[in-house]
Structures are given as C-alpha cells and as structure tokens.
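Notes follow the structure.
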Amino acid sequence: MKKFVSILAAGALLATLLAGCGSNSGSSSAATGSSAPESAPASEPASEPSSESTEGTGLKFGLGLVTSLSGSDATADKDGSAEADVTAASVLVDGENKVVSCYIDVMQVAMPFTAAGAMNIADDAVFNSKQVLGTAYGMKDISPIGKEWDEQAAAFCAWAVGKTADEIAAGMGEDGKSSDADLSAGCTIIISAFVEAMDKAMANATACDAAATDTVQMAMVTNTGSSKDATADKDGTAQADVTVSAVTLNAEGVVTASALDVVQAKISFSAAGAVTADLATAPSTKQELGNDYNMKGASPIGKEWYEQADAFTAWTIGKTADQIAAGVGEDGKASDADLAAGCTITVSDLITAASTAATVG
C-alpha cells in the first residue's frame, strides 16, 4: 500500500502570557508559545533539597486523545468516505491539578474509497491539522464572532488556565458549546471533544521537570499506508495511524517533558463500497490498550508498546529537535544506542512527530 504522512506541528500560541495553547504539518511547521501566566514563577534551584525539588518542579504533564469515526457509502457517482477525527490535548498542570498551560489540535483524516471497494487516496495526499491549516480552514467567514478555528482553540486554552478538569467541564452546556460567558466571547464552536481530551490529558499527567514558563508544543503525524482494498472475500479497511507527540520546551529549545500516543483508526467497507464498520465505537489508543496491544511476546526485548513508547519519551528529554531527529536510521529503527536499548519498534513516525513538536520558531 501507499504510505502517506502528514506532519503536524504546533503553530504560535497566544501572545498573551495567560494563553495556554496556540497553533500545531503542511509539510511541517512548528509553534511556540507561553505556557504560563506572568505571575507563575520559573523553578529555581533551592539552597537546600526540598520535597518539591526531589519530585521535579511540582508540575505534571499529560496527553489525551479522543477519536470519532464517520463514513458514507460509495455510489456510482461519488466515492464513499471513511473519516477519523482525532482531537489531541496536551496539558501542564500544577500541584492542585489546575491548568498552567495547554495545547489543542484536531486531525481530520478523510479516506475515500470507490463503489468497487478500492481505496482512492491520491499519491500526493497530505493531511493537515486544523492548527496547521490556520486561515485555510475557512471558518472565520461563517463564525458568529469572526474567529478562525485556531483562534477559538487558543481562546479555549487561555480560558482553561487556572482551572481544574471539573471547572473546565462546567463551562460546557448540554449542546456541547460553551455555557461560560468569558469562554463564549472567544470560542463559539463545539467544545465537547476539547473537554474530553483535556480531562484525559489531566488524568494522564505525570510528574515532570518542566517549569511553569516552559512552552507546550505538539505535533501529529498521519499515515494511511496500512489501508487495504476490499475483495470478494474480505472487507477493505481505511486505516489512519495518527501519532501524537507533545513536549514542553525551555528557553534553549530543550525538551523538559514529553508524552506520546498513537491511535489506529480503522473503518471497514465492502467490495460494493458500503461502510461495514461500527462507527459508534471509538478506537482506544495504544497507551490506553496497554498490555492488550499484545506486542510483548513478539518484542526482541520483551517490552510492550507503551513501555517502548515511554522509553522513547524518556530519551527525548534533555534533547533538542535536531538531536531527536538524528536518532533514527534509514531502516526506520533507532540508530541511537540508548534509545535502541528500550525501544526496538519502528520509530520513524515517532521521531518525526517528536522532532517537529520540539522545533522552535
């Protein structure tokens, strides 16, 4: 099968120091932004060890993914469509589980197939996230507040700063839109997936060495190379493998915290071009599957996928984008001995996502 990859990097966050998120590959792009209010102090070395200094900076970093599936049957006049929408939130939280900084992006992967059950993705297909699309997404002209999608996502993250997961959830009405006046002033789009992804990210957050002044950035890589045409005996599969890397960067562009996950979104269809998948059942990510991903038995180092992914993120900490990019060989596997010791899976998409997320500028 053909392999199509789109690199999605974070675009610039709000210039305001309270802004928690901003923009995230045409081919590729990078984004930076302030991750904390001006009053939030950067961590400083203490004259004597303290309980906080032995546990990092007292902050936690997490990533959460929410995936929804949709599709339509093919006809003689029109291709069918299999679409996976992946909403990703990365968040830095303090000791009271309140948001210090966050970043949100959405990847929409539309995978057409014919009435004869054949995948019909163009050779030059590129999948860009909404943050990367920016003004090209085309929401501004139909927005009641005249704001593009990326601007509204940034407004959501700025509003989320200082709030807990429960307080964020309380800002959403039954219609999935903002019920908070301050949030509604800058964000009128449906935020239900934002809220769910933020909740997951905050629940997944673990202790890190990031400072409150570090920048939260994120990148997504989409690969549809595992998609398969239908045959008379077997349904076809439109498959989007979306790799998401989230990092925090210090002023020198060095990674101080890192998180990684992958979702494999699969939508089956028949040789007659009819969707056969259960679109109401969202796929779990590889991190969520844990041991159920069932890689350990086939691993030469006896490690499950999430264990190897965690080894990968640990390896990225303390590195710049260029140093991360140098860690992969021509075979797509780790070329760095330290990385290879804990991660023997193909890392090409992981490296692309992480190095893009860590790119400054």
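Structure above, values below:
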quantity: Boolean, SER143 is out of contact with any Gly (no Cβ under 7 Å at 6 or more places or on another chain), surrounded by 14 or more Cβ atoms within 10 Å (Cβ to Cβ) and within 30 Å of LYS228 (Cα to Cα); calculated: no
quantity: Criterion (farther than 20 Å from GLY62 by Cβ, part of a loop (DSSP other than H, G, I, E, B) and acidic (Asp, Glu)) met by exactly one of GLU151, GLU174; calculated: GLU174
quantity: Cβ pairs under 7 Å, 6+ apart, first in the stretch 168-187 and under 21 Å from VAL93 (Cα atoms), second open to solvent by 40 Å² or more (accessible area, probe 1.4 Å) and modelled with pLDDT of 95 or more; calculated: ALA169/ASP199; GLY171/SER179; GLY171/ASP180; MET172/SER179; MET172/SER192
quantity: Close pairs from the stretch 291-314: first part of a helix (DSSP H, G or I), partner open to solvent by 30 Å² or more (accessible area, probe 1.4 Å) and of a type in the set (S, T, N, Q), Cβ under 6 Å, at least 6 apart; calculated: TYR306/GLN287
quantity: Enumeration of residues in the stretch 261-295 that are surrounded by fewer than 15 Cβ atoms within 10 Å (Cβ to Cβ) and either within 19 Å of ALA334 (Cβ to Cβ) or of a type in the set (D, E, K, R) (or both); calculated: ASP278, ASP292
quantity: Hits in the stretch 204-222 - residues which are open to solvent by 20 Å² or more (accessible area, probe 1.4 Å) and over 19 Å from ALA88 (Cβ atoms); calculated: ALA207, ASP209, THR213
quantity: Filter result for the condition that a residue is open to solvent by 10 Å² or more (accessible area, probe 1.4 Å) and either closer than 15 Å to VAL221 by Cβ or assigned to a strand (DSSP E or B) (or both), over THR344, THR352; calculated: THR352
quantity: Considering residues of the stretch 83-98 that are open to solvent by less than 40 Å² (accessible area, probe 1.4 Å) and touching a Gly at 6+ places or on another chain (Cβ under 6 Å) only, the residue farthest from GLY71 (Cα to Cα); calculated: VAL91
quantity: Test: residue in the stretch 116-131 that is within 22 Å of the chain's Cα centre (by Cα), β-branched (Val, Ile, Thr), modelled with pLDDT under 95 and in a helix (DSSP H, G or I); calculated: no
quantity: Enumeration of residues in the stretch 297-320 that are within 17 Å of the chain's Cα centre (by Cα) and within 10 Å of ALA354 (Cβ to Cβ); calculated: PHE312, THR313, THR316
quantity: Filtered residues of the stretch 225-260 (kept if open to solvent by less than 30 Å² (accessible area, probe 1.4 Å) and within 17 Å of ALA277 (Cα to Cα)); calculated: SER227, ALA230, GLY236, ALA238, GLN239, ALA240, ASP241
quantity: Of all residues making up the stretch 120-140, the number that are open to solvent by 30 Å² or more (accessible area, probe 1.4 Å), hydrophobic (A, V, I, L, M, F, W, C) and touching a Phe, Trp or Tyr at 6+ places or on another chain (Cβ under 7 Å); calculated: 1
quantity: Subset tally (residues that are farther than 23 Å from VAL360 by Cα and charged (D, E, K, R)) for the stretch 311-341; calculated: 4
quantity: Test for LYS319: is it among the basic types (Lys, Arg), buried (at least 18 other Cβ atoms within 10 Å of the Cβ) and closer than 30 Å to SER101 by Cα; calculated: yes
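The values are calculated or read from the model by the stated rules, or taken from the named source; none is laboratory data. Computed from a predicted model, the values in this text were never measured in an experiment. Cβ atoms come from the backbone with ideal geometry, glycine included; neighbour counts cover every protein chain shown. Ligands, DNA and RNA are stripped out before the accessible areas are found, and what is left, the full protein with its side chains, is counted by its heavy atoms. Shrake-Rupley method; radii C 1.70, N 1.55, O 1.52, S 1.80 Å.
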